[in-house]
Amino acid sequence: PSNWQMEGFGHAKFRNVALCFESDPPRIPDYYNPVGCYKRSFTVPKNWKNKEIMLRLEGANSATYIWVNGQKVGYNQGAFEPMEFNITPFVETGKNDLSIQVIRFSDGSYLENQDMWQLSGIYREVKLYAQPKTYIHDYYLYTDLDKNYKNATLFVETEIKNSAEENTVCLLEVDVLNEYRQSILNDGTQSFPVKIEQDSTQKITFSTLVNNPQKWSAEFPNLYTIVFELKNNKGETIEAFTKEMGFREVEYNNNILTVNGVQVKLNGVNSHMHHPEHGQTVPLETLKKDLLIMKQFNINCVRTCHYPPTPEYIELANELGMYIVDEVGDEAHSNTHL
């Protein structure tokens with residue numbers, strides 16, 4: 001990942017209110033619109049047969065076309081949001097070719113006129129991964145503390161997708177573990193049998209109680225590990241993954257912000273994902289060092305102006321204890337009517 005202007009191609013431009021080209025939405029100049037073309041090969045292993053193969057780009061600026069083995073897979077706009085493509089129909093076991101075309105300006109540029117260095121290219125991670133035909137497509141979780149901010153209710157929403165051409169029966173298991181790998185749920189591991197029709201999706205929503213978990217805050221970033229496991233009708237694990245999570249309740253009452261019932265003052269800063277040598281491709285060790293220096297100077301809040309950060313940044317903030325005011329990648333400036 002990189003910005004091509006940081007690698008000696010084209011010119012970086014700094015803009016605040018003005019665009020990099022004449023404002024005439026939604027038109028883009030036809031006399032100057034650099035394009036970056038990327039091409040590489042990758043290998044699909046034999047044990048990925050009969051799996052769903054996904055291609056994910058965490059960030060490319062500004063508009064993106066994707067080809068696999070010469071076949072057009074898709075198109076994306078949204079310079080600061082991830083894009084994901086199911087490339088299963090386009091790949092074969094063994095060597096494959098990936099081609100990506102990144103266009104510097106698109107009509108989306110009118111909504112991505114952040115006051116910063118305007119750069120281009122695939123600047124965040126590119127990932128290729130495989131999932132079983134039946135897999136956990138999405139999940140969402142949140143915690144609700146009681147009126148004394150002691151015990152908690154954990155709410156979990158999952159979306160299981162069956163991309164096979166036949167109905168399937170599986171078992172979803174969810175648990176939350178402490179540092180000793182012991183379950184903290186009052187009722188232990190939560191299990192849910194699921195029957196999903198072919199090529200369809202089914203949601204499972206549940207809540208469970210937790211007695212007096214350690215709470216998460218910037219001062220005390222206590223984390224637990226939530227475990228998701230999907231088993232087939234033979235009891236075999238077909239998918240499993242973990243995520244770090246915390247128990248906390250954020251409220252705003254009578255002009256007072258509280259976390260877990262305690263009044264909090266936000267000592268915040270604005271922070272760009274920008275490096276003097278690598279542009280928007282900021283090394284993880286730099287992101288971590290930034291947060292550690294902030295913590296040393298009693299800063300407890302970061303506003304990610306003016307777009308979502310790389311996912312690892314949120315993980316680091318979770319681990320180190322930092323409140324994040326996350327922004328969408330939308331700043332129209334001279335075209336605020338858009």
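Taking first residues from the range 284-295 that are loosely packed, with under 11 Cβ neighbours inside 10 Å and part of a helix (DSSP H, G or I) and partners that are of a type outside the set (Phe, Trp, Tyr) and modelled with pLDDT under 95, no Cβ contact under 7 Å between residues at least 6 apart in sequence or on separate chains turns up.
Here the range 27-46 is the region considered, the condition is being over 28 Å from the mean Cα position of the chain (by Cα) and free of Cβ contacts under 8 Å to residues at least 60 places away in the same chain, and the residue that is surrounded by the most Cβ atoms within 10 Å (Cβ to Cβ) is Tyr32. Please go through the range 320-334 and give me each residue that is under 19 Å from Val17 (Cβ atoms), open to solvent by less than 40 Å² (accessible area, probe 1.4 Å) and not in a strand (DSSP E or B), ordered by number. Of everything in the range 320-334, those that are under 19 Å from Val17 (Cβ atoms), open to solvent by less than 40 Å² (accessible area, probe 1.4 Å) and not in a strand (DSSP E or B) turn out to be Gly329, Ala332. In a residue-by-residue description of the range 298-308, the property of being modelled with pLDDT under 95 and farther than 30 Å from Phe9 by Cα applies to no position. For Ser120, indicate whether it is among the hydroxyl-bearing types (Ser, Thr, Tyr), buried (at least 16 other Cβ atoms within 10 Å of the Cβ) and within 26 Å of Trp48 (Cα to Cα). Criteria not met by Ser120. The criterion of being within 22 Å of the chain's Cα centre (by Cα) and more than 30 Å from Gly8 (Cβ to Cβ) holds for Val156. Summed over the range 157-195, residues that are of a type in the set (A, V, I, L, M), in contact (Cβ under 8 Å) with a residue 60 or more places away in the chain and crowded, with 18+ Cβ neighbours inside 10 Å total 2. Of the residues making up the range 123-156, those that are in contact (Cβ under 8 Å) with a residue 60 or more places away in the chain, open to solvent by 60 Å² or more (accessible area, probe 1.4 Å), more than 20 Å from Asn76 (Cβ to Cβ) and among the hydroxyl-bearing types (Ser, Thr, Tyr) are Tyr139, Tyr149. Does Leu266 meet the test of being closer than 30 Å to Gln114 by Cα and free of Cβ contacts under 8 Å to residues at least 24 places away in the same chain? Against the criterion (closer than 30 Å to Gln114 by Cα and free of Cβ contacts under 8 Å to residues at least 24 places away in the same chain), Leu266 does not qualify. Only one of the numbered conditions (1) out of contact with any helix residue (DSSP H, G or I) (no Cβ under 9 Å at 6 or more places or on another chain); (2) open to solvent by 50 Å² or more (accessible area, probe 1.4 Å) is not met by Ala60, and that is (2).
Can you confirm whether the range 314-333 contains a residue that is more than 30 Å from Lys150 (Cβ to Cβ), modelled with pLDDT of 95 or more and not charged (D, E, K, R)? The answer is no, given that none of the residues of the range 314-333 is more than 30 Å from Lys150 (Cβ to Cβ), modelled with pLDDT of 95 or more and not charged (D, E, K, R). Scanning the range 258-276 finds no residues that are in contact with a Pro (Cβ under 6 Å, 6 or more places away or on another chain), closer than 19 Å to Met322 by Cβ, surrounded by 12 or more Cβ atoms within 10 Å (Cβ to Cβ) and at pLDDT 95 or above. The listed residues are Glu277, Glu239, Glu244, and the only one of them that is within 24 Å of Phe80 (Cβ to Cβ) and part of a strand (DSSP E or B) turns out to be Glu244. Given the condition closer than 30 Å to Gln118 by Cβ, open to solvent by 10 Å² or more (accessible area, probe 1.4 Å), in a strand (DSSP E or B) and in contact (Cβ under 8 Å) with a residue 24 or more places away in the chain, answer yes or no: does some residue in the range 86-97 qualify? So far as the range 86-97 goes, no, none of its residues is closer than 30 Å to Gln118 by Cβ, open to solvent by 10 Å² or more (accessible area, probe 1.4 Å), in a strand (DSSP E or B) and in contact (Cβ under 8 Å) with a residue 24 or more places away in the chain. Scanning the range 129-184 for residues that are closer than 30 Å to Ser200 by Cβ, acidic (Asp, Glu) and assigned to a strand (DSSP E or B) yields Asp138, Glu157, Glu159, Glu173, Asp175. If you go through the range 106-128 one residue at a time, how many are touching a Pro at 6+ places or on another chain (Cβ under 7 Å) and either over 16 Å from Arg56 (Cα atoms) or not in a strand (DSSP E or B) (or both)? Result for the range 106-128: 6.
The values are calculated or read from the model by the stated rules, or taken from the named source; none is laboratory data. Remember, it's a predicted structure, so these values are computed and weren't measured experimentally. All Cβ positions, even for glycine, are placed from backbone atoms using ideal geometry, and neighbour counts span all protein chains on display. We work out accessible area using only protein heavy atoms, side chains counted, and drop any ligands, DNA or RNA first. Shrake-Rupley method; radii C 1.70, N 1.55, O 1.52, S 1.80 Å.
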